[in-house]
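As structure tokens, the structure follows; a few thoughts come after it.
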Amino acid sequence: MNPSTCLVITTIQGSDNKVLQNYAKDCGKNKISFIVAGDHKSPKDFKLEGCEYLDIASQEALPFSLSKLLPANNYAKKNIAYLQAIKKGNSVIIETDDDNFPLDEFWKVRNPLSEGHLVDSTTWINVYSYFSDVYIWPRGFSLMHLKDPATALEKKSSKLFSPIQQSLVDENPDVDAIFRLTRELPFNFKKGEAVILGAGSVCPFNSQNTTWFKQAYPLMYLPSYCSFRMCDIWRSFIAQRILWTNDWHLSFHSSSAYQQRNEHDLIKDFEQEVSGYLHNHTIIEDLRALDLKKGEDFIYENLRACYKLMCDKNYLDKKELPLLEAWIRDLQSL
């Protein structure tokens, strides 16, 4: 694994968590750094050899203006771990969660040039359908498009620049509460070649097993003032909209981890996902209608435009905008 790679997790678990212990050990073997962001609910005695643990005091002592603005007990504390990984000079950031165990494939070298099958369409794409014969869809997928026929894949393409890459997760994949309440798990995906989304194609991606390359770092920002079950999904919609302006791609890859899911109340999950069930389709249409500027030089300007729209349309609270500005200032100072 590239030594300038960092693994990032946020957790309120203790250092006896088997997943965290496993990653700490394997990160050492693979010569990558490991940063864990805690929160107010985290144990005060957390100590795990092989990881840089950021408790609340450590986060607030870092030279990031965002660390003093993020609300307590929020998954978006992960933003501070991203910033710390970037500050340390890492050119690749992998993120996952504290209930995902890595498979051997997880530790393979990541390449920003993805080779796989391009989807050339301007609609919602259920990427899970290309890795499964079972009817399954990712969390955040528009309910209006669940019955859409699968878009044909093009022949295997030459390598395409994909600065954001989502790998799938077996056993307990990232599906919504509707799926969990009505269908059977565990589930394993089929192995297959990468699926690469072209401009206009949309599929939600999560923060569960995702690789970010340096050019896309500004798009990592996780919003704080929305449902926990939508924060990474709405981030993914904004990121994809901006990818299109740069002729960059989002790629999906075969499973490289499996999940032994932390305890969840599915009805509470459903409640947390209602804003997505109601608005995900419309959010994409609103983002499509934005007049963004072409080119990497405008990535911050485009990011501001997307989040302003999300706040103007009341998908996000307007309290989000000062946090976004702090994120941008912090990135530009690194």
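The values are calculated or read from the model by the stated rules, or taken from the named source; none is laboratory data. In this text the structure is predicted, and so the values were computed from the model without any measurement. FYI the Cβ positions are ideal-geometry reconstructions off the backbone, even for glycines, and counts take in every protein chain you see.
Of the residues making up segment 254-271, those that are of a type outside the set (D, E, K, R), buried (at least 17 other Cβ atoms within 10 Å of the Cβ) and either free of Cβ contacts under 8 Å to residues at least 60 places away in the same chain or not in a strand (DSSP E or B) (or both) number 0. In segment 118-128, the residue that is surrounded by the fewest Cβ atoms within 10 Å (Cβ to Cβ) out of those that are outside any loop (DSSP other than H, G, I, E, B) and at pLDDT 95 or above is TRP124. Applying the criterion of being without any contact (Cβ under 8 Å) to a residue 60 or more places away in the chain and in contact with a helix residue (DSSP H, G or I) (Cβ under 7 Å, 6 or more places away or on another chain) to the residues of segment 238-253, the residue that is surrounded by the most Cβ atoms within 10 Å (Cβ to Cβ) is ASN246. Kindly provide the set of residues from segment 215-234 that are of a type outside the set (S, T, N, Q) and either more than 14 Å from the chain's Cα centre (by Cα) or closer than 16 Å to LEU290 by Cα (or both), ordered by number. TYR225, CYS226, TRP234, listed by residue number.
Residues in segment 36-64 that are surrounded by 15 or more Cβ atoms within 10 Å (Cβ to Cβ), not in a loop (DSSP other than H, G, I, E, B) and not β-branched (Val, Ile, Thr): ALA37, GLU52, TYR53, LEU54, SER58, GLN59. Out of all the residues in segment 147-171, which are in a loop (DSSP other than H, G, I, E, B) and at pLDDT 95 or above? Matches in segment 147-171: SER162, PRO163.
There is at least one residue in segment 316-334 that is within 21 Å of LEU83 (Cα to Cα), at pLDDT below 95 and over 20 Å from the mean Cα position of the chain (by Cα).
Can you tell me which residues in segment 53-70 are at pLDDT 95 or above and farther than 27 Å from TYR23 by Cα? Correct list: SER65, LEU69.
Would you mind stating whether ASP98 is part of a loop (DSSP other than H, G, I, E, B) and under 28 Å from LEU324 (Cβ atoms)? It is true that ASP98 is part of a loop (DSSP other than H, G, I, E, B) and under 28 Å from LEU324 (Cβ atoms).
Test THR210 against the stated conditions and say whether it is closer than 17 Å to PHE101 by Cβ and modelled with pLDDT of 95 or more. Taking the combined requirement at face value, the residue satisfies it. Here PRO71 fulfils each of the conditions (1) out of contact with any helix residue (DSSP H, G or I) (no Cβ under 6 Å at 6 or more places or on another chain); (2) in a loop (DSSP other than H, G, I, E, B); (3) in contact (Cβ under 8 Å) with a residue 60 or more places away in the chain; (4) farther than 22 Å from LEU316 by Cβ apart from (4). Screening SER121 against (1) over 21 Å from PHE161 (Cα atoms); (2) touching a residue at least 12 places away in the same chain (Cβ under 8 Å) leaves a single unmet condition, (1).
May I ask you to list the residues in segment 254-298 that are closer than 25 Å to SER129 by Cβ and of a type in the set (Phe, Trp, Tyr)? Residues satisfying the conditions are TYR258, PHE270, TYR277.
When PHE131, PHE161, PHE141 are screened for being crowded, with 22+ Cβ neighbours inside 10 Å, in contact (Cβ under 8 Å) with a residue 40 or more places away in the chain and within 16 Å of VAL195 (Cβ to Cβ), only PHE141 passes.
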